[in-house]
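The values are calculated or read from the model by the stated rules, or taken from the named source; none is laboratory data. These numbers were taken from a predicted model, which means no experiment stands behind them. Every residue, glycine as well, gets a Cβ built from its backbone with ideal geometry; the counts of neighbours run over all protein chains shown.
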């Protein structure tokens, strides 16, 4: 049950130099893969590009074949009210339950804003959010 | 198996007699060269002063720069009409060194290569791919003629077009390959990407650059070969000076053709048996280019334990060159040490480049390493942890702090010939 809300994010190792994001995005474009959301985390000289896409398995294969180092990470996508307090609601649910957020990024879509979360206890997070009336992205949205 | 059992297993007393006789001959040959007439005169020694093998210590050293100064034919002891082949060194440091061969030299050389090949069990039943540069580099033609001498089926594939090389291994049923260790790794990578397992390949002969035991393990695992170390230098014909037997515990020097000493590279003093220092070679049978106490720049030691194979003197695998030794903040570093550390870490690939800079009068070493397939969890913190682990391991081995940069796989240059993994940007100022 909780599993159906665990979304596969693709994480791509990238050197921190011009043109790397263009190479990744270009490869996904050529494969006809749509990116819902992405973020870049930066460290000393390199970074990790994180993305939610419509076809994670295909994205993994396409990028791996091009020589990129790619892996899957389990994340959840929580729908937020796109108005003041939307983020506060969700953050409070997790905070109250003692679940730690490792990183997060968000996008504002057609019908709602979505917060993508990497947490330490992913199944607990799913249960808590659903129990408190939250709405989660279905993993089946991305095949 | 032996190509020349008599010479390879000669009794020590007979060997000493033969070496002394040949040393005298070689000195007489050297006396035909202006450089040696001057050098021996300056050192106040004459060939007559050489009565025992230990007297070789009275003779002056020969340096690579003297060979370079003799460019092109200044050190030849025979007229050019007797020279049937010319090779030159890669010329990575200054002018190329020109080496020449008489017909007798080529016979001597191919004999030594033949011994190497038979020693590791290769025979006329083997199909041999010689994947090294076939031009002026001695490794190509040197191995080619030795392999033909024992009747192997030789494929002079040379370097380049790696996919074609892999197809040839498969289509021709190649059993033995000779190349540089770095090219072997590249072959393995490409073969893996093509989904080829290279099942016929049994034997790998790797030389022309120092390579570590962890690299041996990796090459054996990925190529499915038994890997042997080959040592030589153009000034001593080329490959074939010393070679591993199946024991793979040190390289047998071809004692009837080369007289070896180990010296302290700073003082020039001969070191006690077993101590590690610079290898100095006096060739005993070279006609066209006789040399006296040639400073190889290669660091090794003489091993004094006998070998079950019955052959003679062994040297330890070369651990580096006294001249590619880097001095960083006063600490001696061999690129082979860095390689050894990196290869033992599954998170990174075998490819790396070392940059040395001087920042505010301090040497800074930066190492770029490629991530391996296994190394990426997807988490930034794991990458940072890996970076820290690598520099920690390097610090343990080298005693130096290094900056480690993780780079994407396949982005560092691959080398077909000698790998150039160190870029020293400290400049003259």
Looking only at residues in segment B:362-387 that are outside any strand (DSSP E or B) and more than 10 Å from chain A (Cβ to nearest Cβ), which one is nearest to residue B:420 (Cα to Cα)? B:386
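Go through segment A:22-55 and report how many residues are away from chain B (no Cβ under 12 Å) and either buried (at least 18 other Cβ atoms within 10 Å of the Cβ) or over 17 Å from residue B:378 (Cβ atoms) (or both). Can you show your working first?
Step one: of segment A:22-55, the residues away from chain B (no Cβ under 12 Å) are A:22, A:25-38, A:52-55.
Right, trim to either buried (at least 18 other Cβ atoms within 10 Å of the Cβ) or over 17 Å from residue B:378 (Cβ atoms) (or both) and you get A:22, A:25-34, A:36-38, A:52-55.
Counting residues in segment A:22-55 that are away from chain B (no Cβ under 12 Å) and either buried (at least 18 other Cβ atoms within 10 Å of the Cβ) or over 17 Å from residue B:378 (Cβ atoms) (or both) gives 18.
Restricted to segment B:397-410, and to residues that are away from chain A (no Cβ under 11 Å) and without any contact (Cβ under 8 Å) to a residue 40 or more places away in the chain, which residue is surrounded by the fewest Cβ atoms within 10 Å (Cβ to Cβ)? Break it down stepwise before answering.
Taking segment B:397-410 as the starting set, the residues that turn out to be away from chain A (no Cβ under 11 Å) are B:397-402.
Those still in the list that are without any contact (Cβ under 8 Å) to a residue 40 or more places away in the chain too: B:401-402.
Details: B:401: 12, B:402: 22.
Within segment B:397-410, the match that is surrounded by the fewest Cβ atoms within 10 Å (Cβ to Cβ) is B:401.
Identify, please: which residue in segment A:1-21 is within 14 Å of chain B (Cβ to nearest Cβ) and either in contact with a helix residue (DSSP H, G or I) (Cβ under 6 Å, 6 or more places away or on another chain) or touching a residue at least 40 places away in the same chain (Cβ under 8 Å) (or both) and is, among those, surrounded by the most Cβ atoms within 10 Å (Cβ to Cβ)? Working first, answer last.
Filtering segment A:1-21 down to residues within 14 Å of chain B (Cβ to nearest Cβ) leaves A:7-21.
With the extra rule that they be either in contact with a helix residue (DSSP H, G or I) (Cβ under 6 Å, 6 or more places away or on another chain) or touching a residue at least 40 places away in the same chain (Cβ under 8 Å) (or both), the set shrinks to A:7-14.
Values: A:7: 24, A:8: 16, A:9: 25, A:10: 26, A:11: 22, A:12: 28, A:13: 25, A:14: 19.
Taking the candidates together, the pick is A:12.
Residue by residue, here is whether (1) surrounded by 21 or more Cβ atoms within 10 Å (Cβ to Cβ); (2) part of a strand (DSSP E or B); (3) outside the structural domain of residue B:398 (by TED's automatic domain parsing); (4) touching a helix residue (DSSP H, G or I) at 6+ places or on another chain (Cβ under 6 Å) holds:
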| residue | (1), (2), (3), (4) |
| --- | --- |
| B:278 | yes, yes, yes, no |
| B:306 | no, no, yes, no |
| B:338 | yes, no, no, no |
| B:346 | no, no, no, yes |
Could you tell me whether residue A:58 is more than 11 Å from chain B (Cβ to nearest Cβ) and touching a residue at least 12 places away in the same chain (Cβ under 8 Å)? yes
Out of segment B:1-18, which residues are without any contact (Cβ under 8 Å) to a residue 12 or more places away in the chain and outside any helix (DSSP H, G or I)? B:11
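For every residue, the table says whether it meets (1) under 14 Å from the mean Cα position of the chain (by Cα); (2) surrounded by fewer than 22 Cβ atoms within 10 Å (Cβ to Cβ); (3) within 24 Å of residue B:58 (Cα to Cα).
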site	(1), (2), (3)
B:235	yes, no, yes
B:252	yes, no, no
B:264	no, yes, yes
B:269	no, yes, yes
B:272	no, yes, yes
B:283	no, no, yes
Checklist (1) touching a residue at least 24 places away in the same chain (Cβ under 8 Å); (2) touching a helix residue (DSSP H, G or I) at 6+ places or on another chain (Cβ under 9 Å); (3) within 12 Å of chain A (Cβ to nearest Cβ); (4) buried (at least 20 other Cβ atoms within 10 Å of the Cβ) applied to residue B:352, failing item: (3)
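Identify, from the list B:358, B:426, the residue that is part of a loop (DSSP other than H, G, I, E, B) and either in contact (Cβ under 8 Å) with a residue 40 or more places away in the chain or in contact with a helix residue (DSSP H, G or I) (Cβ under 7 Å, 6 or more places away or on another chain) (or both).
Working: B:358 fails: part of a loop (DSSP other than H, G, I, E, B).
That would be B:426, the only listed residue that is part of a loop (DSSP other than H, G, I, E, B) and either in contact (Cβ under 8 Å) with a residue 40 or more places away in the chain or in contact with a helix residue (DSSP H, G or I) (Cβ under 7 Å, 6 or more places away or on another chain) (or both).
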